[in-house]
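Enquirer: Let me begin by handing over the structure; questions about it come next.
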Amino acid sequence: MQILTTNPRFVPAEPAANPELSSLDDSEQWLDSMKGAIRSARELRQLLGLPVADDPQESAFPLLVTREFASRIEPGNPADPLLLQVLPTVAEGHDTAGFISDPVGDLPASAAPGLLCKYERRALVISTGVCAIHCRYCFRREFDYSAAAGGPELWKVWIEQLQQSPNIDEVILSGGDPLMLTDAKFFRLVQAIETVPHVKRLRIHSRMPIVLPQRITWQWLERLKQSRLVPWIVVHCNHPREIDQTVAQAFTRLIDAGMPVLNQAVLLKGVNDDAAVLEELCRRLIDLRVQPYYLHQLDRVQGAAHFEVPPETGRRLIDHLRQRLPGYAVPSYVTEQPGQPSKTPL
Ligand SMILES: *Cc1c(COP(=O)(O)O)cnc(C)c1O
Ligand code: SF4
């Protein structure tokens, strides 16, 4: 019997067998893409046909955006929800009471440089200080994670610490973005973690499947599949327009390789504080088998106050989602409170 299907998900997981997926095949391409990323507001404005404006001075957290992400921004629209996430504005220079430089209490929670043990039974490691994109609302904007990011020397200290913490059964690779590591470095870190017998799961928090989907290469997936650690992938997408065809392909690859994929979004004024937008985001995700996990309240980091949405609005948006979507498609609306061993529901 011949099985006919038009569903693009059911293609053989062979790189050569599906020309549609070939845009994701070259393992070095993502490194070249990073070299060609946009690094100035002027360049981004020109590319999008926006008038050159009085952009704020270059800061310690300068504009950075991949061309892949920039290609999804609507030209000529200064209020585009993807543009707002990456273009520095003068509002960032405003001092707002209550907005501080380490709003999530990372510094006091460090067990060793780059190793955070603030969550119950989970250890979080700052695997690198860099990202492929600089999100203007990010709590990283005020903290130089490069200083804490580990190299092999520091990894030894982490592994010793993990060996002495028998209750830790999950390691979270965070950053920065762990997928900014080359495969060689990434898997050296994974192998080091594998030597700790009580660690069972490896969680990877990455925005790369969204901002540079070419990073999800067959080579990387094949090696990760061989790890004894159970992988969980948490991606970070805030708006449905961030998901184009190549992003969808990256999700398909991850999930077909047996990796559960969850999405964490941040609730952002002007970007996704809208019932229809959030609903469309959740629908798009579940159509691609990605589960909406968290809708995160903005961390109150200095320079990001203009993105804040009041919790009452957030709760109203979640109510809307609950009425319109299957239960599994409604994310938990949470906030991160310093010193708490888990997220706090809002
Ligand atoms: C909250 C959080 C975690 C861990 O918390 P879970 O509730 O287990 O998901 C890890 N990484 C980041 C970036 C987080 O915000
Ligand atoms: S850590 Fe995540 S949210 Fe923050 S700048 Fe990097 S990619 Fe963006």
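Enquirer: Which is over 23 Å from Q337 (Cβ atoms) and of a type in the set (D, E), of E142, E153? Lay out the reasoning, then the answer.
Expert: On the way: E142 fails: over 23 Å from Q337 (Cβ atoms).
Within the list E142, E153, the selection yields E153.
Enquirer: Tell me which residues, restricted to segment 248-286, are within 16 Å of ligand 1 (Cβ to nearest atom), among the hydrophobic types (A, V, I, L, M, F, W, C), touching a residue at least 60 places away in the same chain (Cβ under 8 Å) and farther than 14 Å from P310 by Cα.
Expert: A265
Enquirer: So, one more: Which ones in segment 262-296 are buried (at least 21 other Cβ atoms within 10 Å of the Cβ) and either part of a helix (DSSP H, G or I) or more than 16 Å from ligand 2 (Cβ to nearest atom) (or both)?
Expert: Going through segment 262-296, the residues buried (at least 21 other Cβ atoms within 10 Å of the Cβ) turn out to be 263, 265-268, 271-272, 278, 281-282, 285, 290, 292, 295-296.
Those that are buried (at least 21 other Cβ atoms within 10 Å of the Cβ) and either part of a helix (DSSP H, G or I) or more than 16 Å from ligand 2 (Cβ to nearest atom) (or both): L278, L281, C282, L285, V290, P292.
Enquirer: Considering only segment 145-175, state which residues are polar (S, T, N, Q) and within 16 Å of ligand 2 (Cβ to nearest atom). Walk me through it before giving the result.
Expert: Taking segment 145-175 first, the residues polar (S, T, N, Q) are 146, 161, 163-165, 167, 174.
Answer for segment 145-175, where residues must be polar (S, T, N, Q) and within 16 Å of ligand 2 (Cβ to nearest atom): S146, S174.
Enquirer: Any chance segment 67-78 includes a residue that's assigned to a helix (DSSP H, G or I) and under 17 Å from E142 (Cα atoms)? Walk me through how you get there before you give the answer.
Expert: Step one: of segment 67-78, the residues assigned to a helix (DSSP H, G or I) are 67-70.
Keeping just the survivors that are under 17 Å from E142 (Cα atoms) gives none.
Scanning segment 67-78 turns up no residue that is assigned to a helix (DSSP H, G or I) and under 17 Å from E142 (Cα atoms).
Enquirer: Out of the residues in segment 307-346 that are among the hydroxyl-bearing types (S, T, Y) and away from ligand 1 (no atom under 16 Å from the Cβ), state the one that is nearest to R283 (Cα to Cα).
Expert: Going through segment 307-346, the residues among the hydroxyl-bearing types (S, T, Y) turn out to be 313, 328, 332-333, 335, 342, 344.
Subset that is away from ligand 1 (no atom under 16 Å from the Cβ): 313, 328.
Values: T313: 20, Y328: 11 Å.
Only one residue tops the list, namely Y328.
Enquirer: Sticking with this one: For the list (1) out of contact with any Lys or Arg (no Cβ under 7 Å at 6 or more places or on another chain); (2) under 25 Å from T335 (Cα atoms); (3) more than 16 Å from ligand 2 (Cβ to nearest atom), I need the number of the one condition that I100 fails.
Expert: So I100 meets the others, but not (1).
Enquirer: Filter segment 132-147 down to residues that are away from ligand 1 (no atom under 14 Å from the Cβ) and at pLDDT below 85 and give me whichever is nearest to the chain's Cα centre (by Cα).
Expert: Kept after step one, since they are away from ligand 1 (no atom under 14 Å from the Cβ), are these residues of segment 132-147: 132-134, 136, 141-142, 144, 146-147.
If we keep only those that are at pLDDT below 85 as well, we get 141-142, 144, 146-147.
Details: R141: 15, E142: 18, D144: 18, S146: 17, A147: 20 Å.
Restricting to residues being away from ligand 1 (no atom under 14 Å from the Cβ) and at pLDDT below 85, the top hit is R141.
For (1) within 12 Å of ligand 1 (Cβ to nearest atom); (2) surrounded by 20 or more Cβ atoms within 10 Å (Cβ to Cβ); (3) part of a helix (DSSP H, G or I), each residue gets a yes or a no:
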site: E120; (1), (2), (3): yes, no, no
site: V125; (1), (2), (3): yes, yes, no
site: V130; (1), (2), (3): no, no, no
site: W158; (1), (2), (3): no, yes, yes
site: L162; (1), (2), (3): no, yes, yes
site: S165; (1), (2), (3): no, no, no
site: I168; (1), (2), (3): no, yes, no
site: F186; (1), (2), (3): no, yes, yes
site: A192; (1), (2), (3): no, no, yes
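Enquirer: Let me ask something additional. In segment 176-193, which residues are touching a Lys or Arg at 6+ places or on another chain (Cβ under 8 Å) and within 16 Å of ligand 2 (Cβ to nearest atom)?
Expert: The answer is G176, D177, L179.
Enquirer: Of the numbered conditions (1) of a type in the set (D, E, K, R); (2) within 28 Å of F69 (Cα to Cα); (3) in a loop (DSSP other than H, G, I, E, B), E92 fails exactly one; give the number of that condition.
Expert: (3)
Enquirer: Then there is this: Search segment 151-162 for residues that are at pLDDT below 95 and pair each with any residue that is surrounded by fewer than 18 Cβ atoms within 10 Å (Cβ to Cβ) and in a helix (DSSP H, G or I) when their beta-carbon atoms are under 6 Å apart and the residues are at least 6 apart or on different chains.
Expert: Final answer for the pair search is W155/A192.
Enquirer: Just to be sure, is V52 among the β-branched types (V, I, T), at pLDDT 70 or above and surrounded by 14 or more Cβ atoms within 10 Å (Cβ to Cβ)? Step through it out loud before you land on a result.
Expert: Numbers: among the β-branched types (V, I, T): yes; at pLDDT 70 or above: yes; surrounded by 14 or more Cβ atoms within 10 Å (Cβ to Cβ): no.
When the stated conditions are applied, V52 does not pass them.
Enquirer: Here is a follow-up. Restricting the search to segment 302-331, which residues are surrounded by 14 or more Cβ atoms within 10 Å (Cβ to Cβ), outside any helix (DSSP H, G or I) and without any contact (Cβ under 8 Å) to a residue 40 or more places away in the chain?
Expert: E308
The values are calculated or read from the model by the stated rules, or taken from the named source; none is laboratory data. Small disclaimer: the values here were computed from a predicted structure and weren't measured. All Cβ positions, glycine included, derive from the backbone under ideal geometry; neighbour counts span all protein chains shown.
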